[in-house]
Amino acid sequence: MYTSEKAPAKINLTLDVLYKRPDQYHEVEMVMTTVDLADRIELFLSESDQIKVESDSRYIPNDERNLAYRAAKILKEKFQIRKGVIIKIDKQIPVAAGLAGGSSDAAATLRGLNRLWQLNLTMDELAAIGSEIGSDVSFCVYNSTAIAKGRGEKIIELPAPPQCWVVLAKPTQGVSTQSVYQSLKLDQLEHPDTEGMVHAIKAANYKGICSRLKNVLETVTLPKHPEVQQIKSQMLRSGADAVLMSGSGPTVFGLVKHESRAVRIYNSLRGFCEDVHIVRMLGTQQTLD
Ligand SMILES: C[C@](O)(CO)[C@H](O)COP(=O)(O)OP(=O)(O)OC[C@H]1O[C@@H](n2ccc(N)nc2=O)[C@H](O)[C@@H]1O
Ligand SMILES: Nc1ncnc2c1ncn2[C@@H]1O[C@H](COP(=O)(O)OP(=O)(O)OP(=O)(O)O)[C@@H](O)[C@H]1O
């Protein structure tokens, strides 16, 4: 028996940090959406009682440190499943990039095993289990557009944003999410207009979305990685309507309405950075403005 799942990357349209919590995590408020750059997860039922991860990527672990392995292990233990699974990961999302690649693999594994092991869990139940694996996993279970609160696990779904093109560019060096949060100066932050962003999405107001892109974690990553600011400036020079770093970085994304402009930005980044993708937001709404 076999099943497969797409595991799409996410981008942050806003990312706000409100305060540091006693559990050492930060209380956040962020608007996130998925894009059509995705890993592919294949799950094969095995009689051996083992969880096995296979992947061509040399950047991710194939053992119990893999977030997809952890997702399978949690479900197996919670529901006392006696069968095993082979998890094959076709890695397309850059690793340690701020695109939640590992979290999305874990979420896809939860959705897939829910079918393969016939657990009949709801999306809400899978998201609650996902929060035990990582802060971004609950969002990735729904694979939609949402506002995330708490440490990232409290999800309120939003309508899909208006259609547009997204150019993603990742500088070579990865970034540690933990060290970015640790270096954040909470008393010096300018906060995003999260409510305004939610209204703009609900109104399918593309310009409103562009004018409200903001991520407080840029205050840490930009000074440490000057190439992130260089890519932002280059994208704006070549015609992006708005640009932002996603998550803790270092990936930068630029938004445009027309494909030809996306291609122009893509071409202008040659020489600046190797890892560039033209993708779409996974939205279906038509733009009203
Ligand atoms: C930067 C974002 O990707 C934005 O979507 C998330 O906030 C991070 O999500 P994630 O990578 O799934 O994070 P986790 O694996 O849960 O945590 C990694 C580390 O980031 C820090 N962390 C994470 C989330 C949060 N709300 N506060 C934190 O301080 C903690 O030091 C934690 O040890
Ligand atoms: N299936 C997986 N895919 C990618 N990374 C994984 C996976 N499993 C474990 N990891 C580890 O998790 C770390 C973070 O990788 P990931 O690509 O998820 O980062 P990220 O995009 O910055 O995530 P986020 O945006 O949620 O902070 C890497 O160091 C990697 O070794």
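The values are calculated or read from the model by the stated rules, or taken from the named source; none is laboratory data. Not measured: the values here are computed from a predicted model. Don't worry about glycine lacking a Cβ; one is built from the backbone with ideal geometry, like all the others, and counts go over all protein chains shown.
Scanning segment 119-135 for residues that are acidic (Asp, Glu) and either free of Cβ contacts under 8 Å to residues at least 40 places away in the same chain or surrounded by 18 or more Cβ atoms within 10 Å (Cβ to Cβ) (or both) gives Asp124, Glu125.
Within segment 137-162, no residue that is assigned by TED's automatic domain parsing to the domain that holds Thr14 and at pLDDT below 95 sits with its Cβ atom under 8 Å from a residue that is among the aromatic types (Phe, Trp, Tyr) and surrounded by fewer than 18 Cβ atoms within 10 Å (Cβ to Cβ) at 6+ positions apart or across chains.
Every residue in segment 136-167 that is buried (at least 24 other Cβ atoms within 10 Å of the Cβ) and either within 29 Å of Asn267 (Cα to Cα) or of a type in the set (Ser, Thr, Tyr) (or both), please. Within segment 136-167, Ser138, Pro161, Val167 qualify. Of the residues making up segment 75-92, none is within 15 Å of ligand 1 (Cβ to nearest atom) and modelled with pLDDT of 95 or more.
Quick one: is Leu113 more than 17 Å from the chain's Cα centre (by Cα) and either outside the structural domain of Tyr181 (by TED's automatic domain parsing) or of a type in the set (Val, Ile, Thr) (or both)? Considered against the rule, which asks whether it is more than 17 Å from the chain's Cα centre (by Cα) and either outside the structural domain of Tyr181 (by TED's automatic domain parsing) or of a type in the set (Val, Ile, Thr) (or both), Leu113 comes out as yes. Residues that are in contact with a Gly (Cβ under 6 Å, 6 or more places away or on another chain) and of a type in the set (S, T, N, Q) within segment 211-254 comprise Thr221, Ser246, Ser248, Thr251, listed in sequence order.
Residues in segment 247-285 that are of a type in the set (Phe, Trp, Tyr) and either modelled with pLDDT of 95 or more or not assigned by TED's automatic domain parsing to the domain that holds Ser176 (or both): Phe253, Tyr266.
Residues in segment 63-91 that are surrounded by fewer than 16 Cβ atoms within 10 Å (Cβ to Cβ) and within 21 Å of Ser176 (Cα to Cα) were compared, and the one that is nearest to ligand 2 (Cβ to nearest atom) is Arg65. Considering segment 128-174, and only residues there that are over 20 Å from Leu213 (Cβ atoms), of a type in the set (Gly, Ala, Ser) and assigned to a loop (DSSP other than H, G, I, E, B), the residue that is farthest from ligand 2 (Cβ to nearest atom) turns out to be Gly150.
Residue check: Val53 meets all listed conditions (1) in contact with a Phe, Trp or Tyr (Cβ under 7 Å, 6 or more places away or on another chain); (2) away from ligand 2 (no atom under 16 Å from the Cβ); (3) not aromatic (Phe, Trp, Tyr) but one, namely (2). Of the residues that make up segment 172-194, is at least one among the acidic types (Asp, Glu) and at pLDDT 95 or above? Scanning segment 172-194 turns up at least one residue that is among the acidic types (Asp, Glu) and at pLDDT 95 or above.
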